[in-house]
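Step one of this worksheet: look at the structure below.
What follows draws every value from the coordinates through simple rules; no lab data is involved. Computed from a predicted structure; not experimentally measured. Cβ: placed from backbone, ideal geometry, glycine included. Neighbour counts: every protein chain shown.
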Amino acid sequence: MAPGKKAGKANAAAQATNKRKAEQKPAAVNKKAKTTTTTAATNGKKGAASNKAKPAKKRSVQAAAQDDDEDDEDDESWAYGAVSDDDDDEDDAHVGDLDDEFVSAEEGSDIEVGQLDDDFLGDEFGDEEGGQGADLLGSDDEEEGEGEGEDEEDIWASSDDEDDMETKSRKLDAQAKREAEEAEAELTTNIQMEDDKYVLPTEAEALDSTDLQVVQTRIQEIVRVLNNFREMREGNRSRQDYIDQLLKDLCLYYGYNEYLMEKLFYIFTVSEAIEFFEANEVPRPVTIRTNTLKTRRRELAQALINRGVNLDPIGKWSKVGLQVFDSPVPVGATPEYLAGHYMLQAASSFLPVMALAPQENERVLDMASAPGGKSTYIAALMKNTGMVFANDANKERTKALVANIHRLGVKNAVVCNYDGREFPNVIGGFDRILLDAPCSGTGVISKDASVKTNKSEQDFQMLSHLQKQLILSAIDSVDAGSKTGGYIVYSTCSVTVDENEDVVNYALRKRPNVKLVSTGLDFGKEGFTRYREKVFHPSLSLTRRYYPHMHNMDGFYVAKFKKLSNKIPAKKADEKEDEADAEEFVPIGEDEKRNKKKQNKDDKAKVETQEAISFNDEEDEQLIRVSQAKLLQQTKGIKLRPKKNKGDGEK
Ligand SMILES: C[S@@+](CC[C@H](N)C(=O)[O-])C[C@H]1O[C@@H](n2cnc3c(N)ncnc32)[C@H](O)[C@@H]1O
């Protein structure tokens, strides 16, 4: 399908969806939306309008950036405080966007969004109250103006006149009757609308629909029925009949394969699923991360503004992120970029590093790190102290990793190229580990639409299996005795449950020596504790999900574990067996029962303990020597004789 065609299609769907939404929204809400600035309004879909709004903000950023007194990076007033004068302009400039395009995104947004919701509520209710009050007052006025009020006035003015009582009473009765008729008429109209049942197409009709406009209308109608199923279903059609048709139509309209469509559809409510698919048709905002090893956000913002770049802080949740609205120069080729003052990085990919919260002088492993967006952020948070092991199994990809490490001036990183599953045999005893796992990429469909069709059931099974193996390796490679850490963060840029909650739940079952802890991120949706037929450990609610339609960032998942002990069950044979059927899900209760049985039966097979895996400098030295010797031989043909260890001669 040609991209242009798709985009047109998506826009058509968006307009139709939003139009319907706008119709469903109370007048006060729509009215208010016009005067409320939101993140989503800056979404690429309405790029022109957002950009129109930005210069006002840009001026204020510039002005504030020049303010010498407010030089502290922690002080966000340069970005936020000074915009008050311009806020109105911006709100006005966004008027069109909101109503026309992004009513839906605003509603769910969480980031500026806590704020946004408050604004909405405040304004909405304020307006409603004011609106109602005004209506009430207004209607009095109107009545007076139309003479009806005069009648009423007459009624009360002549209340002492007995004869008039009858007249007054008749008038009141007539008025009450009229009002009742009007109310009845309104009700009837509504009921007629509700009665308007939607008849599903026959199989042949459905197959025949190649007209996307027809498909789009059918999607809307089915959603309407599903949202009021009891009233609107046709005859004895089941909910599943409608859902089956809807899934087919969504596949056709948005271009997903049926397997993935179903997987994604059930993560959301019906309306939310459509918002998610819509959001995937829209590019996410361009964001950059200030490299604090070389500069500060304030200085970077000023330098880029001087080049004509139109930008804003990413949101209150990050002190280093900037969102770029437009730029006369390629953001990936400015002198500041080449000098390593920033990394082009999706907002969502800040989150796992923030959750990891690496400390100075720690040993940290980034198990799947190329091209290094997160490794370099980790190094920056550690202020180039301690050691970051930036590993990736794909040697080709480590080239970009090395390049980024150099460009950003990272000096505490070691790049390595192992399969993550080889840890901790390669090296262990880390204070913290980030496993930003290889995944299906269902959170980044707006960047790579091929995901819609190129992932099969086997792919998901293989990925989930690999993720489960990697997470166990990561857990086993952390030192629970670390004075400052003992944490593992698991993340993916996918929104499927198999790659997220399923994997984390599996790790909790296989490694009772870890528990989930808060990610420390103050926004995001809670991870699932139930999904379809699956039940997960209740602590899964501590994990966080991010969605494009809600947070205006790539879909993402973050979980944080604390390792409590280095003693792990070492029933290797069992584990292998378990890992082989890692895909099989066992509800938590059942699993516990099954484990107990196994333990009773296998009383002799005591749980062995594995000693804490820690660094051994002598051993490391030897490994380094061997590796250097290998390298010399490979690159220069020099063969070194192995150096004898102290203890070797004594044997
Ligand atoms: C989501 S990307 C990592 C992105 C990276 N963390 C960043 O922020 O730039 C996943 C990475 O996992 C790597 N990978 C795949 N299988 C792996 C394995 N078995 N062990 C280690 N890395 C692996 C891929 O090469 C890929 O670079």
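When ranked by the protection proxy of mean other Cβ atoms within 10 Å per residue, highest first, what sequence do the peptides 395-405, 231-241, 279-289, 428-438 form?
So the order, starting with the most tightly packed, is 428-438, 279-289, 395-405, 231-241.
Determine, for MET354, MET165, the number of other Cβ atoms within 10 Å of each Cβ, and report the residues in order from fewest to most.
MET165, MET354
Amide H neighbours of VAL514 under 5 Å, counting only residues 5+ apart in sequence or on other chains, H built in-plane at 1.01 Å?
So VAL514 has HN proximity to LEU564.
Packing-wise, with mean Cβ within 10 Å as the measure, how do 376-384, 302-310, 172-180 rank, highest first?
Descending packing order for the listed peptides: 376-384, 302-310, 172-180.
For each of HIS551, HIS406, HIS537, count neighbouring Cβ atoms within 10 Å of the residue's Cβ, then give the residues from fewest to most.
Fewest to most other Cβ atoms nearby, the residues stand as HIS406, HIS537, HIS551.
Collect residues whose amide H, placed 1.01 Å from N in the peptide plane, falls under 5 Å from the amide H of ARG530; neighbours closer than 5 in sequence don't count.
The list, which skips near neighbours in sequence, is PHE536.
Of TYR253, TYR506, how do they rank once you tally other Cβ atoms within 10 Å and put the fewest first?
The most exposed by this proxy come first: TYR253, TYR506.
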